[in-house]
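The values are calculated or read from the model by the stated rules, or taken from the named source; none is laboratory data. Keep in mind the model is a prediction, meaning the values are calculated, not measured. Cβ placement follows ideal geometry from the backbone for every residue including glycine, while neighbour counts extend to all protein chains displayed. Please note that ligands, DNA and RNA were not included when accessible areas were found on the heavy atoms of the full protein model with its side chains. Shrake-Rupley method; radii C 1.70, N 1.55, O 1.52, S 1.80 Å.
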Amino acid sequence: MISRNDISTIRSLQQKKFRIQYGMFVAEGPKLVGDLCGYFHCRLLVSTQEWLSANRHFKADRIECVSRQDLEKTSLLTTPQDVVACFSIPHYDIDLAGTAAGNLVLALDNIQDPGNIGTIARIADWFGIRDIVCSKGTADIYNPKAVQATMGALARVRFHYTDLEKELSSIPANIPVYGTFLDGKNMYRENGLKGNGIIVMGNEGNGISPEVGRHVSHRLFIPNWPEGEKTSESLNVAVATAIICAEFRRPG
């Protein structure tokens with residue numbers, strides 16, 4: 001039987017300090033929980049009896065069948081689904097220079113919106129980018145809103161939080177570091193956008209910070225169409241990430 005303390009603990013995972021304290025994050029819904037269960041250690045699974053009866057293969061340290069009423073008390077969603085799971089937060093190591101020498105890596109500089117972070121995880125997953133390096137000021141990918149927005153991509157994309165400016169300062173000159181700027185070069189006219197290097201995406205309102213920007217070796221610009229016409233002031237950072245990643249994956 002799930003206790004009030006259990007419900008309180010799960011609901012507390014909305015806050016980063018408690019995610020750190022317990023070393024857990026929460027995910028909800030059959031699809032998302034199903035995607036994550038094979039990749040992360042599940043410490044607590046809370047579901048209706050109907051869902052559990054149809055999904056007996058799921059493993060967790062502890063499984064609790066609850067009434068719909070108790071599930072609604074546990075859920076962080078406006079419309080609760082059939083299952084809530086608490087997973088251990090993973091810890092990954094990365095050799096950024098070594099990884100970027102042979103692969104594309106995304107770097108996020110102080111992106112604030114959890115929905116954007118989760119969507120960027122999905123974009124990275126779609127385009128085969130397995131590592132995302134984040135500044136310490138970037139929103140937490142284990143925020144429940146971010147986790148839900150990943151739609152399961154969190155299972156295949158590793159997030160690393162670090163001193164981004166310091167990490168980029170040690171990248172060898174032969175590894176390209178790309179970033180988007182209003183005074184950058186039209187990316188559609190740039191030849192040789194490679195399948196390796198680091199792509200930096202900046203804050204929703206301020207773009208890439210000066211501290212990080214000075215380590216960008218290739219300044220790019222996503223032009224509007226037709227060029228020079230009055231249009232929206234800017235693109236959503238997740239949309240911009242998708243456009244850039246698609247261009248890097250273009251054959252030839």
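I'd like the Kirkwood hydrodynamic radius of segment 95-142, using the inverse of the mean 1/r over distinct C-alpha pairs, in Å.
After inverting the pairwise mean of 1/r, the radius is 11.1 Å.
With a Förster radius of 30 Å, plug the Cβ-Cβ distance of ASP93 and PHE127 into 1/(1 + (r/R0)^6) and report the FRET value to the nearest 0.05.
Efficiency computed from Cβ-Cβ geometry: 0.85.
Ranked highest first by the average count of other Cβ atoms within 10 Å around their residues, in what order do 126-134, 206-214 fall?
Peptide ranking by packing, descending: 126-134, 206-214.
Rounded to the nearest 500 deg cm²/dmol, what is the calculated helix-only ellipticity per residue at 222 nm for the chain, with -39500 (n - 2.57) per DSSP H run of length n ≥ 4?
Calculated at 222 nm, the ellipticity per residue is -9000 deg cm²/dmol.
What number in nm² do you get for segment 52-204 if you take the convex hull of its Cα atoms and divide its surface by four?
Spelled out: convex hull of the Cα atoms, projected over all directions, averaged, 11.7 nm².
Tell me, what % of the accessible area of segment 119-183 is carbon and sulfur with a 1.4 angstrom probe?
52
Each label point is 7 Å from the Cα along the Cα-to-Cβ direction; what then is the distance between the points at THR162 and GLN14, in nm?
3.4
Can you tell me which lysines have their Cα less than 19 Å from the Cα of LYS16? Leave out same-chain residues fewer than eight positions away.
LYS136, LYS145
Quick one: of the DSSP bridges fully inside segment 16-94, what percent are antiparallel, nearest 5?
Beta bridges within segment 16-94, antiparallel portion: roughly 75 percent.
Hey, quick one: spin label on GLU247, modelled 7 Å out along Cα-Cβ, who in segment 125-142 has an amide N within reach, i.e. under 12 Å?
In segment 125-142, the label zone of GLU247 (backbone N under 12 Å from the point 7 Å along Cα→Cβ) covers no residue.
With the other protein chains left in place, how much accessible area per residue, in square angstrom, belongs to the chain at a 1.4 angstrom probe?
Spelled out: the 1.4 Å probe surface of the chain, per residue, equals 52 Å².
Read phi for every residue in segment 92-102 and hand back ³J(HN,Hα) as whole Hz from Karplus 6.51 cos²θ - 1.76 cosθ + 1.60, θ = phi - 60°, with x for Gly and Pro.
10, 9, 8, 9, 4, 4, x, 5, 6, 5, x
Ranked highest first by the average count of other Cβ atoms within 10 Å around their residues, in what order do 155-168, 99-112 fall?
Highest mean packing first, the order is 99-112, 155-168.
Where does the charge balance sit around HIS218 when Lys and Arg score +1, Asp and Glu -1, over other residues with C-beta under 11 Å from its C-beta?
+2
May I ask you to give the percent of accessible area on segment 212-252 that is carbon plus sulfur, with a probe radius of 1.4 Å?
For segment 212-252, the apolar C and S fraction of the accessible surface comes to 52 percent.
Less than 16 Å from a label point 7 Å out along the Cα-to-Cβ axis of THR78: which backbone N atoms in segment 84-119 qualify, by residue?
Backbone N within reach: 115.
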